[in-house]
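The block underneath contains the structure these notes are about, expressed in structure tokens.
All of the numbers you see were taken from the coordinates with simple rules; none came from a lab. All values derive from a computational prediction rather than experimental measurement. When we count neighbours, we look across all protein chains shown, and the Cβ atoms used for this are built from the backbone with ideal geometry, even at glycine.
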């Protein structure tokens, strides 16, 4: 199987639903460490917030592409004081 499961913990926030950067890093590491097939083009990453696909065998070494749905969650304004 070319799928992995990850859970995201962010300092100050605790367990979160997902992390695209973490998914890409985990998929790449899984291929490098032989946890999934090195011949697989895509690794499915299961997270609490849903699944994404990470393409790890890009033409450039070490390059990955995150493939999955996106959803707008929040619009806000922040006031910054100098």
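Within segment 60-82, what residues put their amide N at less than 20 Å from the label point 7 Å along the Cα-to-Cβ vector of residue 46? It comes to 67-69, nothing else. Among beta bridges identified by DSSP and lying wholly in segment 3-67, the antiparallel ones come to about 80 percent. Axis of helix 20-32 versus longest Cα principal axis of the chain: the two differ by about 20°, to the nearest ten degrees.
Looking at the chain as a GNM with Cα springs under 10 Å, which of 25, 60, 38 has the largest mean-square fluctuation? Between 25, 60, 38, it is 60 that shows the largest mean-square fluctuation. Where only DSSP H runs of four or more residues are counted, the chain gives -5000 deg cm²/dmol as its mean residue ellipticity at 222 nm, each run worth -39500 (n - 2.57). Diffusion of the chain by Stokes-Einstein, at 25 °C in a medium of 0.890 mPa s and with Rh set to the Kirkwood radius over alpha-carbon pairs, works out to 175 µm²/s.
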